Amino acid sequence: MAIEIEKPSVGLSKVAVSETHGEDSPYFAGWKAYDENPYNESSNPSGVIQMGLAENQVSFDLLEKYLEEHSEASSWGKGAPGFRENALFQDYHGLKSFRQAMANFMEQIRGGRARFDPDRIVLTAGATAANELLTFILADPGDALLVPTPYYPGFDRDLRWRTGVKIVPIHCDSSNNFQVTPEAMEAAYRCAESMNLKVRGILITNPSNPLGATIQRTVLEQILDFATNKNIHLVSDEIYSGSTFSSSEFISIAEVLETRGYKDSERVHIVYSLSKDLGLPGFRVGTIYSYNDKVVTTARRMSSFTLISSQTQHLLACMLSNKEFSENYIKTNRERLTRRYDMIINGLKTAGIECLKGNAGLFCWMNLSPLLEEPTRESELALWKVILNEVRLNISPGSSCHCSEPGWFRVCFANMSEQTLEVALKRIHKLMEQRRRRN
Amino acid sequence: MTQALYSRTRSPETEKEKGGGGAAMRVIVPLQGVVQGRGGLVLGSVIPCALFYVLQFYLKRHRKDTDEQNNSDSSSQNPTPRSSSYGNLSELPGLTRNWSRGLSSPRNLRGPVSVSGRVSGIVKGADSPYYVGLRRAKEDPYDELSNPNGIIQLGLAENKLSLDLVEHWLADNAEQAILRNGKELSISRIATYQPFDGLMEFKVAVAGFMSQVMEKAVSFNPSQVVLTAGATPAIEILSFCLADAGNAFLVPTPYYPGYDRDIKWRTGVEIIHVPCRSADNFNLSITALDRAFDQAKKRGLKVRGIMLSNPSNPVGNLISRETLYILLDFAREKNIHIVSNELLAGSTHGNEEFVSMAELLDPDDFDRKRVHIVYGLSKDLSIPGFRVGVIYSHNEEVLAAAKKLARFSSVSAPTQCLLTSMLTDAKFVQTLITINRERLQSMYAQFVAGLKKLGIKCIKSSGGFYCWADMSGLIRSYSEKGELELWDKLLNIAKVNVTPGSACHCIEPGWFRFCFTTLTEKDIPIVMDRIQRVSETCKLNR
């Protein structure tokens with residue numbers, strides 16, 4: 001037996017032991033602190049309030065009302081006639097009725113300004129899977145994708161971990177409200193070249209996470225021109241497209257393509273999901289919409305690794321094809337998110353904190369740089385620790401989003417009740433008062 | 001639109017290739033002039049330079065070729081090369097291997113935007129008879145009344161025999177289970193972010209079900225369960241965790257055609273075939289395993305593990321307890337992993353005892369860390385559409401990595417709630433398992449008897465939804481080509497879709513997998529009749 005102990009233990013792969021999953025970063029460390037001491041209005045009023053999770057809980061009642069009134073969505077009808085087909089259905093094309101419903105929903109969100117063909121929709125178990133899948137298809141190991149900063153921390157894992165693809169950041173700063181510029185894109189491209197990396201695409205999030213703002217039409221056009229010029233792909237993650245505060249300010253890349261007559265569109269791919277707009281991250285529903293036939297075919301086959309439960313497809317197909325429900329939901333959800341946003345912005349303003357002017361998303365991009373000891377990442381993390389441990393709010397530091405300017409934080413406001421948000425704002429007020437008194 | 005673009009840009013590519021060869025000729029001939037002293041200085045410097053550039057060009061292309069091969073599909077790594085009959089199958093307008101690389105050079109800026117090497121791999125794989133047959137049967141499905149001349153599907157390992165039981169349970173319990181759970185209708189429970197590797201209550205229910213299915217011989221610890229959207233990602237995730245790109249797994253043949261995709265496609269891991277033979281009843285021989293391991297070593301491939309299927313697909317036999325012990329010894333000796341795909345553990349129908357690899361592992365056994373079980377609800381519960389797969393392991397590092405990777409393939413929350421309810425109904429589960437086994441036994445016996453009457457023998461097997469039949473007596477030439485000709489006749493004349501052994505990499509031609517669980521008893525005579533159409537003519541032609 002002693003001899004066996006000396007033998008090397010059976011090894012794991014590089015992927016398995018890699019740290020690229022990123023779960024040791026502050027973004028996730030804050031969640032651990034929350035898990036250990038979660039706020040509860042009655043049982044734990046001094047616990048940590050979770051403001052680092054971009055979840056939409058403001059419109060659950062609308063979903064519940066629909067399901068209450070339409071039991072056929074969750075039970076395949078009396079005697080379950082549709083069940084047999086549904087339970088056996090594992091076709092990677094996905095339920096046609098569901099794809100049709102998703103296409104319609106995406107059109108409604110864009111106010112009918114773009115059309116979507118259900119046969120170009122590929123279903124995946126969440127947008128996380130969609131982004132990874134596209135990366136597998138568009139790039140080889142060792143290649144690079146350009147991503148504007150600040151970006152969603154999960155991209156470091158989703159785009160890089162198993163794919164072996166690298167991210168080269170396109171640096172944006174507050175001088176122009178963190179918008180992407182042609183110069184910044186060029187600089188990133190040259191940076192990739194100097195590292196001998198082949199750039200295969202540019203990935204944007206529109207509306208942006210963590211900025212909480214939509215990308216302007218002129219910028220979208222510049223990005224598309226850049227991609228065309230370098231002959232690379234453009235992935236537009238539009239997961240927050242239904243969470244804009246007004247219906248007209250969001251412009252999808254699909255609309256830009258439409259006005260250009262779909263010229264050169266085979267390089268464009270849109271990622272969408274119901275996790276944010278419909279508040280259903282637990283359902284695991286994501287889509288890839290591609291204007292490239294080969295990408296659609298390959299993505300479909302690759303989606304075998306990440307199919308959506310046919311039961312869930314059936315339920316959502318019923319719900320989303322109900323025009324009355326979907327129109328009302330989009331409108332009401334928008335109003336409620338706007339209300340929350342106004343509430344938090346005003347609350348922060350009275351505390352003396354400025355935020356980036358936002359118009360979408362489940363969060364705001366808060367500027368705490370005046371509070372930093374020094375304009376450094378270390379100072380930002382020190383402040384973040386204070387906010388987590390003393391103020392007991394879990395918010396996301398800009399450095400975990402690769403923001404090049406220290407002092408910015410993402411604060412989520414839709415994953416809690418209004419009362420909890422009030423409590424959070426009170427705590428922030430207190431912090432600011434303490435700081436003022438100290439000075 | 002995209003097709004036209006591809007063909008336009010393919011020609012500059014082939015011209016480049018021709019250029020390479022032509023240049024060589026144009027160098028050799030003037031060399032004679034150099035030797036005879038004419039234009040010596042100029043040619044003496046130009047020719048070596050030209051040779052140098054041609055050599056560089058050639059080396060670059062060759063390196064790209066090997067890069068592509070690492071990412072491409074099975075046929076390039078298959079030790080038993082594909083026969084020419086492959087060309088007879090419908091060919092998708094394929095990509096030439098290197099065009100994507102060539103196009104990314106600055107000269108081809110106006111060409112279409114390139115995609116990764118992984119794209120060409122799957123394009124070719126999709127034309128195997130396994131997939132072609134499935135597609136054809138889908139397009140022209142048999143129906144007793146509306147399409148009596150349609151194709152009868154015997155190529156899909158789906159079990160419809162006990163679906164009625166599941167259906168009844170759901171009709172009575174579904175809505176309650178998903179939304180209410182005995183209380184007010186609430187969606188927040190299933191709507192919000194859940195642990196990516198599954199809800200603990202569902203893990204408990206699944207662990208309990210696995211134990212019941214394996215007749216309580218093992219108890220499974222729910223905290224060692226990672227749930228995935230089907231067994232397909234479970235296998236891929238394990239491949240990612242246990243091997244690096246370029247490493248290999250030993251896999252006994254014939255095997256489930258999907259392994260070529262699940263184990264190899266995105267991971268870059270290779271499969272080394274371990275052939276099983278009819279003389280051994282297609283049971284795994286350790287000699288063959290040893291030989292395959294040594295062959296891998298000679299090829300410079302590092303073997304990281306063995307992928308077993310027990311009950312096996314497509315043959316349907318069970319691995320004996322003795323063989324399982326021998327396999328553990330082998331894995332220990334070579335210090336490699338064992339993945340035991342026990343997806344069909346609940347679908348055994350003979351008198352033979354099913355033994356899970358998990359049974360053999362002692363709590364103090366160091367070797368527990370090298371064994372990983374794959375399971376799922378697609379087969380035993382007949383719900384492939386709901387996408388529930390399981391990775392079960394005693395290795396904390398593997399579990400930690402798999403839990404994180406499960407985020408790309410999570411089980412939908414409402415489905416988890418529904419099935420938790422179903423699986424914790426112990427009485428229902430027991431009834432289902434028992435009745436399912438009885439029906440499987442009955443259908444198997446009838447189907448095999450039917451084939452026997454036609455002079456077609458099957459391997460005696462105890463598991464799965466299919467029988468493994470020897471039709472070598474009916475093929476004209478004892479080769480893959482002959483086998484595929486018979487497959488074609490069965491598909492187009494007899495109008496039954498069956499899986500030919502070559503799609504499963506069987507080393508002996510003439511074997512076919514017939515799935516019988518999508519049939520009812522009265523379909524059997526019709527199927528036998530259809531097969532007879534072909535078997536009679538084949539006998540006459542020999």
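Determine whether A:Leu278 is touching a residue at least 24 places away in the same chain (Cβ under 8 Å) and part of a loop (DSSP other than H, G, I, E, B).
So A:Leu278 passes the test.
For the list (1) open to solvent by less than 10 Å² (accessible area, probe 1.4 Å); (2) over 19 Å from the mean Cα position of the chain (by Cα); (3) farther than 12 Å from B:Pro311 by Cβ, I need the number of the one condition that B:Glu333 fails.
Failed condition: (1).
Mind checking which residues of region B:417-441 are over 30 Å from A:Val15 (Cβ atoms) and either within 14 Å of another protein chain (Cβ to nearest Cβ) or hydroxyl-bearing (Ser, Thr, Tyr) (or both)? Can you show your working first?
At the first step, the residues of region B:417-441 found to be over 30 Å from A:Val15 (Cβ atoms) are B:417-418, B:420-441.
Of everything in region B:417-441, those that are over 30 Å from A:Val15 (Cβ atoms) and either within 14 Å of another protein chain (Cβ to nearest Cβ) or hydroxyl-bearing (Ser, Thr, Tyr) (or both) turn out to be B:Cys417, B:Leu418, B:Thr420, B:Ser421, B:Met422, B:Thr424, B:Thr431, B:Leu432, B:Thr434.
Name the single residue that is farthest from B:Phe202 (Cα to Cα) among those in region B:388-416 being open to solvent by 10 Å² or more (accessible area, probe 1.4 Å) and facing chain A (nearest Cβ under 9 Å).
Result: B:Glu397.
So which of B:Glu158, B:Glu167, B:Glu139 is more than 8 Å from every other protein chain (Cβ to nearest Cβ) and not basic (Lys, Arg)?
B:Glu139
Looking only at residues in region A:341-357 that are in a loop (DSSP other than H, G, I, E, B) and among the small types (Gly, Ala, Ser), which one is most open to solvent (accessible area, probe 1.4 Å)?
Our first condition is that a residue be in a loop (DSSP other than H, G, I, E, B); within region A:341-357, this holds for A:351-353, A:356-357.
Add one more test, that the residue is among the small types (Gly, Ala, Ser), and what stays is A:351-352.
Values: A:Ala351: 1, A:Gly352: 54 Å².
Checked region A:341-357; the qualifying residue most open to solvent (accessible area, probe 1.4 Å) is A:Gly352.
Can you tell me which residue is nearest to B:Gly258 (Cα to Cα) among those in region B:499-523 that are touching a residue at least 24 places away in the same chain (Cβ under 8 Å) and β-branched (Val, Ile, Thr)? Show your work before the answer.
Filtering region B:499-523 down to residues touching a residue at least 24 places away in the same chain (Cβ under 8 Å) leaves B:499-519, B:521, B:523.
Add one more test, that the residue is β-branched (Val, Ile, Thr), and what stays is B:499, B:507, B:517-518.
Values: B:Thr499: 12, B:Ile507: 17, B:Thr517: 19, B:Thr518: 20 Å.
Ranking the candidates gives B:Thr499 first.
With A:Arg190, A:Arg120 as the choices, which residue is surrounded by fewer than 24 Cβ atoms within 10 Å (Cβ to Cβ), under 16 Å from A:Val271 (Cα atoms), more than 15 Å from the chain's Cα centre (by Cα) and not small (Gly, Ala, Ser)?
A:Arg120
Evaluate the following for A:Ile288: is it at pLDDT 95 or above and assigned to a loop (DSSP other than H, G, I, E, B)?
no
For region A:293-316, which residues satisfy the criterion of being touching a residue at least 12 places away in the same chain (Cβ under 8 Å) and more than 7 Å from every other protein chain (Cβ to nearest Cβ)?
A:Val296, A:Ala299, A:Arg300, A:Met302, A:Ser303, A:Gln313, A:His314, A:Leu316
All but one of (1) touching a residue at least 12 places away in the same chain (Cβ under 8 Å); (2) surrounded by 17 or more Cβ atoms within 10 Å (Cβ to Cβ) hold for A:Glu64; state the number of the condition that does not hold.
The number of the failed condition is (1).
Within the set of pairs 6+ apart or on separate chains, which have a first residue in region A:333-346 that is farther than 17 Å from A:Tyr240 by Cβ, a second that is assigned to a helix (DSSP H, G or I) and open to solvent by less than 40 Å² (accessible area, probe 1.4 Å), and C-beta atoms under 7 Å apart?
Taking only residues 6 or more apart or on different chains, the pairs are A:Met343/A:Leu421.
Just checking, how many residues over region A:364-380 are open to solvent by 20 Å² or more (accessible area, probe 1.4 Å) and either at positive phi or under 23 Å from the mean Cα position of the chain (by Cα) (or both)?
1
Here are A:Asn328, A:Asn333: which of them is open to solvent by 50 Å² or more (accessible area, probe 1.4 Å) and part of a helix (DSSP H, G or I)?
Only one candidate passes the filter, namely A:Asn328.
Does B:Val115 satisfy the criteria of being closer than 30 Å to A:Val235 by Cα, crowded, with 19+ Cβ neighbours inside 10 Å, at pLDDT 75 or above and among the hydrophobic types (A, V, I, L, M, F, W, C)?
On the way: closer than 30 Å to A:Val235 by Cα: yes; crowded, with 19+ Cβ neighbours inside 10 Å: yes; at pLDDT 75 or above: yes; among the hydrophobic types (A, V, I, L, M, F, W, C): yes.
When the stated conditions are applied, B:Val115 passes them.
In region A:195-224, how many are away from every other protein chain (no Cβ under 14 Å), surrounded by fewer than 20 Cβ atoms within 10 Å (Cβ to Cβ) and within 22 Å of B:Val113 (Cα to Cα)?
Going through region A:195-224 one residue at a time, the tally reaches 4.
From the set of residues in region A:225-251 that are open to solvent by less than 30 Å² (accessible area, probe 1.4 Å) and charged (D, E, K, R), which is nearest to the other protein chains (Cβ to nearest Cβ)?
The extreme case among them is A:Asp237.
Would you say B:Thr232 is facing chain A (nearest Cβ under 10 Å), of a type outside the set (Asp, Glu) and more than 31 Å from the chain's Cα centre (by Cα)?
no
Would you say B:Ile263 is touching a Leu at 6+ places or on another chain (Cβ under 6 Å), within 30 Å of B:Gln194 (Cβ to Cβ) and of a type in the set (A, V, I, L, M, F, W, C)?
So B:Ile263 does not fit the description; no.
Checking the conditions here, which among A:Gly398, A:Gly347 is closer than 22 Å to A:Arg334 by Cβ and at pLDDT 95 or above?
On the way: A:Gly398 fails: closer than 22 Å to A:Arg334 by Cβ.
Exactly one residue qualifies, and that residue is A:Gly347.
Suppose we keep only residues that are in contact (Cβ under 8 Å) with a residue 24 or more places away in the chain and within 17 Å of B:Lys522 (Cα to Cα) within region B:443-464. Which one would you say is most open to solvent (accessible area, probe 1.4 Å)?
B:Lys453
Scan region B:184-204 for residues that are part of a helix (DSSP H, G or I) and either more than 11 Å from chain A (Cβ to nearest Cβ) or touching a Gly at 6+ places or on another chain (Cβ under 7 Å) (or both) and jot them down.
Result: B:Ile190, B:Ala191, B:Met200, B:Glu201, B:Phe202, B:Lys203, B:Val204.
Among the residues of region B:490-504, are any of a type in the set (D, E, K, R), under 24 Å from the mean Cα position of the chain (by Cα) and either part of a loop (DSSP other than H, G, I, E, B) or surrounded by fewer than 22 Cβ atoms within 10 Å (Cβ to Cβ) (or both)? Explain how you work it out, then say what you get.
Of the residues in region B:490-504, the ones of a type in the set (D, E, K, R) are B:495.
Next, from what is left, pick out any that are under 24 Å from the mean Cα position of the chain (by Cα): none.
Within region B:490-504 (the criterion being of a type in the set (D, E, K, R), under 24 Å from the mean Cα position of the chain (by Cα) and either part of a loop (DSSP other than H, G, I, E, B) or surrounded by fewer than 22 Cβ atoms within 10 Å (Cβ to Cβ) (or both)), the answer is no, since none of the residues qualifies.
Can you tell me which residues in region A:105-141 are polar (S, T, N, Q) and away from chain B (no Cβ under 14 Å)?
Matches in region A:105-141: A:Gln108 only.
Quickly run through region A:147-166 and pick out the residues that are over 18 Å from the mean Cα position of the chain (by Cα) and outside any loop (DSSP other than H, G, I, E, B). Working first, answer last.
Step one: of region A:147-166, the residues over 18 Å from the mean Cα position of the chain (by Cα) are A:162-166.
Of everything in region A:147-166, just one residue is over 18 Å from the mean Cα position of the chain (by Cα) and outside any loop (DSSP other than H, G, I, E, B), namely A:Lys166.
The values are calculated or read from the model by the stated rules, or taken from the named source; none is laboratory data. Fair warning: this is a prediction, and the values are worked out from it, not measured in the lab. Don't worry about glycine lacking a Cβ; one is built from the backbone with ideal geometry, like all the others, and counts go over all protein chains shown. For the accessible areas, the whole protein counts, side chains as well, though only heavy atoms, and no ligand, DNA or RNA atoms are used. Shrake-Rupley method; radii C 1.70, N 1.55, O 1.52, S 1.80 Å.
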